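Below: one structure, written as structure tokens.
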Amino acid sequence: MIPTKYSVHLYVAFFYMTHASFSPFLGFWFSEQGLSSRQIGLLFSIGPLVGLLVQPLWGIVCDRFGIERRVLAISLLAAPLLAFGYVLADGVFALFILTAVVYAVFYSSLMPITDAITVSHAREHGQSYGGIRFLGSLSFALLITPFGLLYDRFGIDTMFVMQLIAMLAAALMLLQVKRPSVSLRRPGRMFSGLGQLLRQPSFGWFLLFVFVVSIGNHFYNVFFSVFIGRQGGQAAEQIGWLNSISALSELPFFLLSGLLIRRWGYYPILCATALAGALRWWSLSLEPTFAVLMTSQLLHGMTFALFMAAGINYAFERSPEGMKNTGQTVFALVYMNLANIVASNGGGWLLDQYGFPVLYRTGALLALSGAAGFVLLALHVRRRG
């Protein structure tokens with residue numbers, strides 16, 4: 001029996017194993033099926049688009065009825081089974097679209113509810129979100145390269161089976177997680193807290209600048225494996241190594257995120273991570289060698305881990321009591337959904353028209369704009385006291 005204090009730690013480690021098995025390789029798999037950049041972008045945008053509709057419902061239902069673990073368990077079982085629709089589609093693009101829709105209905109619940117449970121558990125037990133999330137990055141880093149080697153050996157289609165096995169394991173670990181005792185929900189009117197949250201001007205501007213910065217992040221998430229695949233060689237293995245380095249770079253930032261946020265505050269941290277993103281995307285626009293690519297992956301710790309940790313904690317603190325799941329869901333809608341939709345479709349068009357250099361230069365300019373926005377927001381909040 002796992003001690004309650006560490007039950008979420010183990011679940012998070014297994015949960016991010018599911019990501020290592022599937023998500024980094026999906027764009028490459030689509031490319032191997034002969035899809036164009038626009039088609040790949042469209043498929044990647046369907047999940048976030050569906051999430052715009054269903055994620056608020058998942059969050060509100062969990063807030064109202066307190067069934068976070070039940071929703072996670074159902075989604076962990078349903079999502080990997082539905083993903084086999086891509087294989088069964090046999091290259092028919094309409095069936096790819098249908099699979100992307102039904103897969104997203106369940107997959108979209110996983111991240112925001114897991115984050116809400118993790119933040120609540122950390123605060124209940126005097127821990128930090130970053131310290132728990134550290135284990136997720138460590139799990140991802142240790143497993144993604146073996147997954148890549150496995151897929152090079154037995155074929156990229158193996159990733160569908162491995163995702164199913166990984167999600168079943170995560171569902172078993174979820175059984176050890178107890179219901180959060182730090183309030184995530186409030187009885188009564190379900191939408192009142194959401195309206196209260198969105199009426200905060202600083203929170204609205206925060207979401208806007210998160211959106212701008214995140215477009216560049218999703219240019220990377222959606223098209224990076226396609227970029228590596230077009231370089232030739234053992235693509236799955238290279239994807240594994242590059243993602244392993246990026247995941248390892250997250251570890252110190254997740255461990256120290258709480259300390260850094262307390263020391264410097266949210267806005268300086270968010271500005272610094274946006275500037276790191278601008279540097280990273282600009283370096284990719286130069287079409288660097290594989291060695292330079294590996295070096296640039298070290299910036300992932302700032303552009304993803306520290307950025308996400310600051311954003312999640314900011315959203316948690318600014319959310320009304322009893323609406324913590326909904327607050328996390330709103331942040332996820334902007335960071336993971338709206339920005340992803342724009343990046344997937346706009347990025348696919350940019351890539352087909354102008355190539356990878358213009359794609360990543362655009363991401364760099366957007367990151368610079370977001371950094372400037374966080375500076376202005378910090379000055380505005382300071383003037384208002």
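Read the figures in this text as sums done on the coordinates, not as results from a lab. All values reported here derive from a predicted model rather than from experimental measurement. Using ideal geometry, Cβ is built from the backbone for each residue, glycine included, and neighbour counts are taken over all protein chains shown.
Per residue, the convex hull around the alpha carbon atoms of the range 1-122 comes to 110 Å³.
With the charge dipole of the chain set up from +1 on Lys and Arg Cβ and -1 on Asp and Glu Cβ about the Cα centre, the Cα lying farthest toward the positive end among the listed residues F140, L284, Q234 is that of F140. For semi-axes √(5λ) of the Cα gyration tensor in Å, the value calculated from this model appears in (1) 30, 25, 20; (2) 48, 27, 19; (3) 37, 27, 18 under label (1). Treating r as the C-beta distance of R199 and L365 and R0 as 35 Å, the FRET efficiency rounds to 0.65.
Highest mobility in the GNM of the chain, judged by mean-square fluctuation with C-alpha springs under 10 Å and restricted to S285, S120, S37, is found for S285. 3J(HN,Hα) along the range 22-29, derived from phi through the Karplus expression 6.51 cos²θ - 1.76 cosθ + 1.60 where θ = phi - 60°, amounts to 9, 4, x, 9, 5, x, 5, 4 Hz, with x in place of Gly and Pro.
Between V375, V226, V330, the Gaussian network model of the chain with springs among Cα atoms under 10 angstrom shows the greatest mean-square fluctuation at V375. Dipole of the chain computed with +1 at Lys/Arg Cβ and -1 at Asp/Glu Cβ about the Cα centre; of I269, S108, S36, farthest Cα towards the positive end is I269. One chain, two ends: I165 and L95. Fully extended at 0.36 nm per residue, the span grows by 22.8 nm beyond their Cα-Cα distance.
Relative to one another, the C-alpha centroids of the range 1-75 and the range 346-361 are positioned 26 Å apart.
Longest span of the chain, sites excluded, free of trypsin sites (Lys or Arg not before Pro) in DSSP loop with at most 14 other C-beta atoms within 10 Å?
Details: sites that count: K178, R189, R199, R230.
Longest gap between qualifying sites, sites excluded: 1-177.
Taking a label point 7 Å from the Cα of L286 along the Cα→Cβ vector, which residues of the range 230-260 have an amide N closer than 19 Å to it? What the label zone holds, given the 19 Å backbone N cut-off, is no residue at all. Across the chain, the mean sequence separation of Cα contacts (distance under 8 Å, 6 or more residues apart), normalised by length, yields a relative contact order of 30 percent.
The HN-Hα couplings worked out from phi for the range 203-218 by the Karplus form 6.51 cos²θ - 1.76 cosθ + 1.60 (θ = phi - 60°) are 5, x, 5, 4, 5, 4, 6, 4, 4, 4, 5, 6, 4, x, 4, 7 Hz, whole numbers, x standing for Gly and Pro. Given +1 at the Cβ of Lys and Arg, -1 at the Cβ of Asp and Glu and no other charges, the dipole of the chain around its Cα centre is 1500 debye to the nearest 20. For the range 34-44, backbone phi angles converted through the Karplus equation (6.51, -1.76, 1.60; θ = phi - 60°) give residue-by-residue couplings of x, 7, 7, 4, 5, 5, 4, x, 4, 5, 5 Hz, Gly and Pro being listed as x.
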